[in-house]
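Inspection log for the structure reproduced underneath, given as structure tokens.
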Amino acid sequence: MIEVLSVTSEVYPLIKTGGLADVAGALPGALSGSGVTMRTLVPGYPAVMARLSGGREVASFADLFGVRGRLVAGRVDGLDLIVLDAPALYDRPGNPYVGPEGWDWPDNWKRFAALSWVASELGLGLVEGYRPQVIHAHDWQAGLVPAYVKYGPSPTLKTVMTVHNMAFQGTFGAEIFGQLRLPEHAFSVEGVEYYGGVGYLKAGVECADVVTTVSPSYAGEIRTPAFGMGLEGLLNNRSATVFGVLNGIDMDAWNPATDPALAQTYTASTMQNRLANKRAVQEAFGLDQADGPLFAVVSRLTWQKGIDLLAANIDLMVAEGAQLAVLGSGDAELENAVRSATMRHPGRVGLVTGYNEKLSHLVQGGADVMMVPSRFEPCGLTQLYALRYGCVPLVSRVGGLNDTVIDANVAALQAEVATGVQFAPPSETALADAIRRTLALYADEKSWKKMQRRGMKSDVSWATSAARYAQLYASLIGLSTDDSADD
Ligand code: ADP
């Protein structure tokens, strides 16, 4: 067995703001049977502590970056957790990263340095009877892990850094460096220094043994300035150890045949049952109970997600006879743009703001088209859920959207392999064309149904990617996956 410690700032179903939580929550289970045991280190936010009854204390710290803390191990929802319980750092309301006013917590550098430092201590054998061979760090919040390991005393401990989104890099002023518990020479280009300050994601990308990102297309894109966002040079330098491993989804949590969030469950052969879900979605979003195409968005409402492109096309969609249901929250300006469309088009456009996991399932089960018009998309999970639920994805041709949706162009339609609609570049006019193309496809009921069915059958599970991660871990510690499965 290979022991891997996964370090993450969020994990489904305990705490989630986006796709990272889904991935961190699903990967340990997906790896079972492939010779890997994965434990997960997460901060003890209130939502996590509330679920950890019966956990046992396995370590304590009198001075964890100036505060007290302890590690509590426990099993929750099938996850083997090690929770960093440090109330002064994590016992705060709301979102893991921002305060009630929407600003980043000013001590985020410390909150996530502490998490990363503790991970490296675990790697050094802090807890009796537990010694991970590989630490898998996710995103900038765990970006210092590879640095602590590189500058620490264990030559055998290996690290994997996964970038879920290059747009969030965790950069701070140089003045924090003295408090990071790293040696002086770590403040260098080979270490944590980044444009004169400290870069957590940069440190991870620089110091990890292997860097992965969440789709093959994104792994290529981030070597260019537009997508690398400052890290492209570094990624190019180490391109032989940068891999794209596509995310999968939790096939049990997202299963239209059993999903309790649906008004009616269904399979690829009982697709007519989706109608009850469509009606429930229309009701939830204040839409007329109409029969035309129902487009939907389930997303953070941000520039990355192309919500401005969507907003600019709402009048066109309505004029063409479509309805639109938007579930999401984010930038006030974009939220307002969608809200004003709901006022222009009552009964045709609906908006539900806030985060609502249950409603997100219903929307996948009832809408006809799921729109993901992102400007960049490392992997994207929404389109994977859509495929699984027979909700046809309409996506921009970037990152993981490019790798997971087969565009309904003429050749793909003839070969009967299309699963959705792609457009490029991410512009208002290209999206308008894609909307018209989607409506034309929808009008051909028989071929639309076939496309839905193909989506439902496409492999969006973790099977292939979990095996790939297992292989990466094994190669890092000099094993083949077969050896590890035998242990
Ligand atoms: P990102 O992580 O960049 O936000 P992903 O597509 O990888 O994008 O993952 C988004 C996840 O968050 C999906 O599981 C999606 O269903 C969910 N999600 C986004 N917004 C909402 C919302 N308002 N309510 C419920 N779920 C949401």
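Every number in this text was worked out from the coordinates using simple rules, so none of it is lab data. Keep in mind it's a predicted model, so treat the numbers as computed, not measured. Every residue, glycine as well, gets a Cβ built from its backbone with ideal geometry; the counts of neighbours run over all protein chains shown.
Assorted remarks:
- In a reduced charge model with +1 at each Lys and Arg Cβ and -1 at each Asp and Glu Cβ, the chain shows a dipole moment near 700 debye about its Cα centre.
- Residue separation of Gln289 and Thr353 scaled by 0.36 nm, minus their Cα-Cα distance, works out to 21.0 nm of gained length.
- On the beta carbon distance between Ala411 and Ser32, with R0 = 45 Å, the FRET formula returns roughly 0.70.
- Whole-angstrom gap from the stretch 238-302 to the stretch 59-137, using each part's C-alpha centre: 33 Å
- For the stretch 184-251, the list of GluC sites (Glu not before Pro) that fall in a loop by DSSP and count at most 16 other C-beta atoms within 10 angstrom reads Glu190.
- Every helix of 4 or more DSSP H residues in the chain counts as -39500 (n - 2.57), and over all residues that averages to -10500 deg cm²/dmol at 222 nm.
- 12 Å beta-carbon shell around Leu441, net charge (K/R +1, D/E -1): +1
- Summarising the amide proton neighbourhood of Val76: residues at separation of 5 or more, or on other chains, whose placed amide H is nearer than 5 Å comprise Leu81.
- Residue (of Gln414, Gly143, Gly125) at the positive-pole extreme of the chain, dipole from beta-carbon charges: Gln414
- Separation of the Glu175 and Ser475 label points, Cα + 7 Å toward Cβ, nm: 4.4 nm
- Loop-located GluC sites (Glu not before Pro) in the stretch 384-487 whose Cβ has at most 16 other Cβ within 10 Å (DSSP): Glu416
- Two-site label geometry, Glu128 and Thr267: point separation in nm, points 7 Å out along Cα→Cβ: 5.2 nm
- Net lengthening on full extension, Asp252/Ser53 (0.36 nm per residue, minus Cα-Cα): 69.2 nm
- Given R0 = 45 Å, the distance between the Cβ atoms of Met1 and Ala319 translates into a calculated FRET efficiency of 0.15.
- Gain upon complete extension [Asp459, Asp107; 0.36 nm per residue less C-alpha separation]: 122.6 nm
- A run of the chain free of exposed loop cleavage sites, with chymotrypsin sites (Phe, Trp or Tyr not before Pro) counted only in DSSP states other than H, G, I, E and B and at most 12 other beta carbons within 10 Å, reaches its longest extent at 196-487.
- When the GluC sites (Glu not before Pro) in the stretch 261-363 are filtered for DSSP coil states and for at most 16 other beta-carbon atoms within 10 Å of their beta-carbon, the remaining sites are Glu320.
- FRET E, pair Ala467, Asp444, Förster distance 30 Å, beta-carbon r, rounded to 0.05: 0.20
- Compared with the dominant principal axis of the Cα atoms in the chain, helix 357-366 is inclined by about 30°.
- Distance between the pseudo-spin-label points of Asp433 and Val98 (7 Å out from Cα toward the beta carbon): 3.4 nm.
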